[in-house]
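Peer 1: Here it is, the structure, as structure tokens.
The values are calculated or read from the model by the stated rules, or taken from the named source; none is laboratory data. All of these numbers come straight from a predicted model, not from anything done at the bench. Cβ coordinates were reconstructed from backbone atoms using ideal geometry, including for glycine residues, and neighbour counts include every protein chain displayed.
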């Protein structure tokens, strides 16, 4: 049975320079497994991300995590033309989004090819 996702209508990332954060490295195998897990639950391929909206990376890193948090965060910008991302506002947290992957193989490749910067999260142990 497919679970219904909570989509926040009208909550779009309008700023092309908005930074989107994903816990852990953008390893193709990990992204694929995460997207497949979401498909099993919600019926769509996607991955969870957070937006730095009215917060710094340091402030976001200090928040209490939902589930396991990897020791690093990788960020990428929405306007990278290779990414073709359109994060969908999901969940109750106003900073949480889902990057829906229209085609699993092509989308995973595009996502993992995005320009990004790794940052070790000093607030969580490895």
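Peer 1: Just for segment 18-38: of the residues that are free of Cβ contacts under 8 Å to residues at least 60 places away in the same chain and more than 11 Å from the chain's Cα centre (by Cα), which one is nearest to residue 55 (Cα to Cα)?
Peer 2: 30
Peer 1: In segment 74-110, how many are touching a strand residue (DSSP E or B) at 6+ places or on another chain (Cβ under 7 Å), surrounded by 20 or more Cβ atoms within 10 Å (Cβ to Cβ), over 18 Å from residue 60 (Cβ atoms) and modelled with pLDDT of 85 or more?
Peer 2: 1
Peer 1: Hey, can you tell me all the residues within segment 30-73 that are touching a helix residue (DSSP H, G or I) at 6+ places or on another chain (Cβ under 9 Å) and modelled with pLDDT of 85 or more?
Peer 2: 31, 32, 35, 36, 39, 44, 45, 46, 47, 48 - these are the residues of segment 30-73 that are touching a helix residue (DSSP H, G or I) at 6+ places or on another chain (Cβ under 9 Å) and modelled with pLDDT of 85 or more.
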